[in-house]
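Report on the structure given below.
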Amino acid sequence: MSKRIEVRDLNVYYGKFKAVEDVSLTIEPRSVTAFIGPSGCGKSTFIRTLNRMHEVIPGAYVEGEVLVDGDNLYGAGIDPVLVRRQVGMVFQRPNPFPTMSIADNVLAGVKLNNRRISKSDADDLVEKSLQGANLWNEVKDRLDRPGSSLSGGQQQRLCIARAIAVEPEVILMDEPCSALDPISTLAIEDLIEELKRDYTIVIVTHNMQQASRVSDKTAFFTIAGTGMPGTLIEYDDTSVIFSNPSVKATEDYVSGKFG
Amino acid sequence: MTATATPPTAAESPRAYQRLGDRVFSKSALIAGSLILVILAAVAIFLVAQSLPALVADPNDFIGRPDSFWAYVWPLVFGTLWSASLALLMALPLAIGIALFISHFAPRRLAQALGYIIDLLAAVPSVVYGLWGIGVLAPAVQPLYTWLTENLGWIPLFAPPASGTGRTILTAAIVLGVMILPVMTAICREVFLQTPVLHEEAALALGATRWEMIRMAVLPFGRPGIVSGAMLGLGRALGETMAVAMVLSPAAVVSFAVLQSRNPSTIAANIALSFPESYGVNVNLLIATGLVLFVITLIVNSIARWVVNRRKDFSGAN
Ligand SMILES: Nc1ncnc2c1ncn2[C@@H]1O[C@H](COP(=O)(O)OP(=O)(O)O)[C@@H](O)[C@H]1O
Ligand SMILES: [Mg+2]
């Protein structure tokens with residue numbers, strides 16, 4: 001199910017503004033990769049290029065290649081809609097559909113494109129996905145309640161359940177815990193640990209401990225100054241990045257001297 | 001009302017200190033709020049008081065000698081609801097479509113231009129719409145009406161014979177539809193634009209196409225707004241006087257056929273047309289029909305409220 005991502009010479013633009021410059025890296029399947037770096041260095045911008053969500057913004061475009069198991073996401077004739085079904089995404093702020101019940105939220109992606117699904121299959125899938133997101137026990141008695149009736153942490157796990165219900169190859173998470181309390185954060189971190197068995201996971205985080213706890217590899221981004229594009233400074237095993245980085249800027253950042 | 005500068009201590013007066021600005025504001029808001037109720041009550045009292053004589057009068061004193069008050073009002077009530085529903089049925093899907101186009105499909109420039117044009121439509125006086133209905137629309141659709149009765153006449157809606165002038169309840173409903181289109185479009189456009197980007201991106205990230213995103217995030221989120229817009233439009237269609245009075249040549253019939261020359265009139269149009277020649281208890285009769293229209297509008301609005309509140313938990317407002 002999970003796949004390798006290879007990014008080659010990627011430049012990312014908002015109209016005339018180049019937000020991210022010349023990023024190349026390889027993300028292994030069934031691993032957790034963390035993106036760290038100061039605010040505004042283009043972490044969100046970059047992660048959104050991995051499922052072509054970047055181009056949803058008017059004027060935004062990408063140069064370069066993103067290969068998922070060798071296939072270029074930006075190749076001619078590739079439908080971004082199909083890319084997004086393979087590469088799921090969890091956002092910074094929990095965003096379950098407020099007009100749908102908890103169960104319908106989980107099924108939202110599955111029902112797209114008029115795919116028919118029988119009632120019993122749907123029930124099974126809802127249970128499996130919510131189990132997978134460690135949410136089943138908390139919501140199994142109120143599946144028909146609106147998604148917005150849950151707490152922030154539960155909503156975020158509901159969004160994860162919604163993302164894994166379509167069985168993507170990769171799951172992208174952009175600061176999934178930054179709007180959550182510490183207990184909910186731990187719940188999500190445990191979940192990431194479990195999800196990594198089946199999925200390739202990429203996570204943006206501002207929290208150094210979180211990066212060191214959950215990730216196998218870490219990529220450090222930064223910008224030279226405002227108005228300049230963000231660049232990838234160092235990409236290595238998480239243990240190396242946090243204990244023995246080869247670039248001074250990385251060391252300063254992870255040790256809290258900068259950022 | 002709750003503005004407190006500092007928490008009062010025991011020694012201070014128990015009444016919270018209120019700033020002058022807050023007091024003035026809360027008082028004027030209260031007055032403005034009450035004024036609405038007072039005006040509404042005044043209208044209702046006037047309508048009821050002036051209607052009573054008609055309700056107890058001998059129907060033989062009425063123009064046209066109907067069997068009873070209700071026999072007089074019923075065709076008008078029917079005509080009012082029928083023409084307004086037809087107008088809503090035609091205008092609402094169009095309004096939603098235009099609003100979606102403006103909010104989610106059109107390039108920025110075009111969207112702005114379209115927005116202005118729609119708002120301009122709202123500023124055209126209803127007499128002008130009436131003139132347009134008689135002078136342009138009715139002759140233009142008449143051949144179509146004839147064709148419909150000849151080919152689809154077996155559908156009760158299109159039962160023959162077709163009106164020779166084209167001035168039928170369907171024409172009136174089309175004019176009404178055009179009149180209520182701007183306000184409904186404007187409201188739908190506003191609520192569609194307010195759909196949180198968060199939810200639109202959630203749908204897109206799941207692999208929704210643009211249209212699926214709209215069905216998943218935009219329309220459900222905008223539902224209360226759509227209902228409100230529809231009700232505003234319906235309210236205007238129910239009460240519209242000039243355009244209908246000009247287009248329709250009324251008859252006291254109850255018929256669903258929309259292409260014939262005998263059409264039910266509406267309450268408002270009937271009042272406008274009959275008032276100049278009314279005397280004595282007939283004036284009260286017309287006012288009583290006005291009371292009926294008032295009640296119908298109240299009921300329609302309550303239904304809309306109920307529709308909106310029924311799924312309040314799922315509205316996205318929390
Ligand atoms: N929608 C947008 N339009 C234009 N510029 C944007 C947009 N979103 C982000 N940017 C710019 O791109 C740069 C990177 O932002 P972002 O990816 O959000 O950084 P991060 O997630 O690392 O904090 C910033 O300079 C930001 O101002
Ligand atoms: Mg960000």
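The values are calculated or read from the model by the stated rules, or taken from the named source; none is laboratory data. None of the values given here were measured: they were computed from a predicted structure. Please note: Cβ atoms are built from the backbone with ideal geometry, for glycine as well, and neighbour counts cover all protein chains shown.
Taking A:ARG197 as meeting all but one of (1) basic (Lys, Arg); (2) over 28 Å from B:PRO220 (Cα atoms); (3) buried (at least 17 other Cβ atoms within 10 Å of the Cβ), write down the number of the exception.
Of the numbered conditions (1) basic (Lys, Arg); (2) over 28 Å from B:PRO220 (Cα atoms); (3) buried (at least 17 other Cβ atoms within 10 Å of the Cβ), the odd one out for A:ARG197 is (3).
Could you list all residues from segment B:212-237 that are out of contact with any Leu (no Cβ under 7 Å at 6 or more places or on another chain) and under 19 Å from B:VAL127 (Cβ atoms)?
Within segment B:212-237, just B:ARG236 meets the criteria.
Consider segment A:211-223. How many of its residues are more than 12 Å from ligand 1 (Cβ to nearest atom), within 19 Å of A:GLU251 (Cβ to Cβ) and not hydroxyl-bearing (Ser, Thr, Tyr)?
Final tally of qualifying residues: 2.
Among the residues of segment A:50-68 satisfying the criterion of being more than 17 Å from the chain's Cα centre (by Cα) and of a type in the set (A, V, I, L, M), which is farthest from ligand 2 (Cβ to nearest atom)? If you could, list the steps in order and put the result at the bottom.
Of the residues in segment A:50-68, the ones more than 17 Å from the chain's Cα centre (by Cα) are A:57-65.
Keeping just the survivors that are of a type in the set (A, V, I, L, M) gives A:57, A:60, A:62.
Values: A:ILE57: 13, A:ALA60: 15, A:VAL62: 17 Å.
It comes out as A:VAL62.
Please report, ordered by residue number, the helices (runs of 4 or more DSSP H) entirely within segment B:192-274 with at least 1 residues that are within 14 Å of chain A (Cβ to nearest Cβ) and over 17 Å from the mean Cα position of the chain (by Cα).
On the way: elements: B:197-205, B:210-213, B:219-239, B:242-247, B:267-274.
In segment B:192-274, B:197-205, B:210-213, B:219-239 are the helices (runs of 4 or more DSSP H) which contain 1 or more residues that are within 14 Å of chain A (Cβ to nearest Cβ) and over 17 Å from the mean Cα position of the chain (by Cα).
Hey, A:PHE91 hits all of (1) touching a helix residue (DSSP H, G or I) at 6+ places or on another chain (Cβ under 9 Å); (2) aromatic (Phe, Trp, Tyr); (3) away from chain B (no Cβ under 13 Å); (4) within 16 Å of ligand 1 (Cβ to nearest atom) but one; which does it fall short on?
(3)
Please find, among B:ALA106, B:ALA10, B:ALA32, the residue that is at pLDDT below 95 and surrounded by 14 or more Cβ atoms within 10 Å (Cβ to Cβ).
B:ALA106
Please find, within segment A:1-54, the residue that is farthest from ligand 1 (Cβ to nearest atom) out of those that are among the polar types (S, T, N, Q), over 13 Å from A:ASP174 (Cα atoms) and surrounded by 16 or more Cβ atoms within 10 Å (Cβ to Cβ). Show your work before the answer.
We begin by selecting, within segment A:1-54, every residue among the polar types (S, T, N, Q); these are A:2, A:11, A:24, A:26, A:31, A:33, A:39, A:44-45, A:49, A:51.
From the residues that got through so far, the ones that are over 13 Å from A:ASP174 (Cα atoms) too are A:2, A:11, A:24, A:26, A:31.
Still in the running and surrounded by 16 or more Cβ atoms within 10 Å (Cβ to Cβ): A:2, A:11, A:31.
Numbers: A:SER2: 24, A:ASN11: 13, A:SER31: 21 Å.
So the residue we want is A:SER2.
What pairs can you find where one residue is in segment A:37-54 and within 14 Å of chain B (Cβ to nearest Cβ) and in contact (Cβ under 8 Å) with a residue 12 or more places away in the chain, the other is more than 6 Å from ligand 1 (Cβ to nearest atom) and acidic (Asp, Glu), and their Cβ atoms are less than 6 Å apart, with a gap of 6+ or different chains?
Between residues of segment A:37-54 that are within 14 Å of chain B (Cβ to nearest Cβ) and in contact (Cβ under 8 Å) with a residue 12 or more places away in the chain and residues that are more than 6 Å from ligand 1 (Cβ to nearest atom) and acidic (Asp, Glu), the close pairs are A:SER44/A:ASP174; A:ILE47/A:ASP174.
Taking the stated definitions as given, is A:GLU138 among the acidic types (Asp, Glu), surrounded by 14 or more Cβ atoms within 10 Å (Cβ to Cβ) and more than 14 Å from chain B (Cβ to nearest Cβ)?
Numbers: among the acidic types (Asp, Glu): yes; surrounded by 14 or more Cβ atoms within 10 Å (Cβ to Cβ): yes; more than 14 Å from chain B (Cβ to nearest Cβ): yes.
Yes, satisfied.
Under 8 Å by Cβ, and 6 or more places apart or on different chains, what pairs join a residue from segment A:13-34 that is more than 16 Å from A:GLY64 (Cα to Cα) and outside any strand (DSSP E or B) with one that is away from ligand 2 (no atom under 16 Å from the Cβ) and polar (S, T, N, Q)?
Hits for this filter: A:GLU28/A:THR200; A:PRO29/A:SER2; A:PRO29/A:THR200; A:ARG30/A:SER2; A:ARG30/A:THR200; A:SER31/A:THR200.
Picking from B:VAL295, B:VAL300, B:VAL307, which residue would you name as being touching a Gly at 6+ places or on another chain (Cβ under 8 Å) and either of a type in the set (Val, Ile, Thr) or within 14 Å of chain A (Cβ to nearest Cβ) (or both)?
B:VAL300
Which condition number in (1) within 15 Å of ligand 2 (Cβ to nearest atom); (2) closer than 25 Å to A:LEU191 by Cα; (3) modelled with pLDDT under 95 is the one that A:ILE47 fails?
The single condition A:ILE47 does not satisfy is (3).
When the residues of segment B:162-190 are filtered to those that are more than 30 Å from B:PRO143 (Cβ to Cβ) and touching a residue at least 40 places away in the same chain (Cβ under 8 Å), which remaining residue is nearest to the other protein chains (Cβ to nearest Cβ)?
B:CYS188
So A:LEU130 clears everything in (1) under 12 Å from A:CYS159 (Cα atoms); (2) within 8 Å of chain B (Cβ to nearest Cβ); (3) aliphatic (A, V, I, L, M) except one condition, right? Which one?
Of (1) under 12 Å from A:CYS159 (Cα atoms); (2) within 8 Å of chain B (Cβ to nearest Cβ); (3) aliphatic (A, V, I, L, M), only one is false for A:LEU130: (2).
For A:ILE241, state whether it is within 16 Å of the chain's Cα centre (by Cα), modelled with pLDDT of 90 or more, of a type in the set (A, V, I, L, M) and buried (at least 21 other Cβ atoms within 10 Å of the Cβ). Walk me through it before giving the result.
Details: within 16 Å of the chain's Cα centre (by Cα): no; modelled with pLDDT of 90 or more: yes; of a type in the set (A, V, I, L, M): yes; buried (at least 21 other Cβ atoms within 10 Å of the Cβ): yes.
When the stated conditions are applied, A:ILE241 does not pass them.
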